[in-house]
Every structure is written in C-alpha cells, then in structure tokens.
Amino acid sequence: MKSNVLGIVAGVAVGALLGVLFAPDKGSKTRKKIKNKTSKLKKNLKEEFDDFLDAASKKYNSVVDKGEDVLEKEKEKIVNTVNSKN
C-alpha cells in the first residue's frame, strides 16, 4: 500500500515537472518552478517514507511482542509439565 502511495506521489511530481519544463516561460521562472516543485516532492517523499518506517516499526514491535508472549506461554507449559512429573 505504501509503495502505491509513493508511486502515485512520484508520478504526480514527474508529471508536474514535465508540465513546467514544457510550459513557455523564461528560463529563470522555469528554474524557480522546478526548484519549488522539487522541494515539495522532497518534503512529500520524506513524509511518506517516515510514515512507512513508522508503520514498519510498529508491525515489527507487534510481531516481537507476540513472539515473546508465545515463548513465555510455552515456557510455562514446559515448567508445568516438568513439575507435574516430579
């Protein structure tokens, strides 16, 4: 899902950049427009990447927590089994 969002953002940015390049304007205006569009793209991509990293981190932590819970339950079962045989 996040890769789709990044792809869409990148596609929109490339489309906007091409529109600026082919628009009949002075070179200085075109360069300024490209600079502004690039800055916006950079900001958007950074935000999307930060969101992606945050989501991945949360999922990783969730998996680790669940794994620790399962491990603890299995450890208790083993201890109870050993204790019941003694």
Per the helix-only model, the chain has a calculated mean residue ellipticity at 222 nm (DSSP H runs of ≥4, -39500 (n - 2.57) each, divided over all residues, rounded to the nearest 500) of -34500 deg cm²/dmol
Going from the fewest other Cβ atoms within 10 Å to the most, one would list 38, 81, 30 as 81, 38, 30
The residues 41, 53, sorted from fewest to most surrounding Cβ atoms within 10 Å, come out as 53, 41
On the formula 1/(1 + (r/R0)^6), with r taken between the Cβ atoms of residue 52 and residue 12 and R0 of 22 Å, the FRET efficiency rounded to 0.05 is 0.80
Looking only at lysines whose Cα falls under 29 Å of residue 73's and that sit 8 or more positions away or on another chain, we get 58, 59, 85
Within region 1-67, DSSP-loop trypsin sites (Lys or Arg not before Pro) with at most 14 other C-beta atoms within 10 Å are 26
Helix 27-85 sits off the longest principal axis of the Cα atoms of the chain, rounded to the nearest 10 on a 0 to 90 degree scale, by 0
Classified through the alpha carbon gyration tensor (a ≥ b ≥ c as square roots of its eigenvalues; rounded if a/c is under 1.5, else prolate when a/b is larger than b/c, else oblate), the chain comes out prolate
Each label sits 7 Å from Cα toward the beta-carbon; between residue 65 and residue 34 the label points are separated, in nm, by 4.8
Expressed as a whole-number percentage, the relative contact order of the chain with C-alpha contacts under 8 angstrom and at least six residues apart is 32
Taking a straight Cα-to-Cα line shorter than 16 Å from residue 46, and setting aside same-chain lysines fewer than 8 residues away, one finds 2, 37
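Bear in mind that the values in this text are calculations on the coordinates, not laboratory data. Because the structure is predicted, anything quoted here is derived from the model rather than measured. Positions of Cβ are generated from backbone atoms using ideal geometry, with glycine treated the same way; all protein chains shown enter the neighbour counts.
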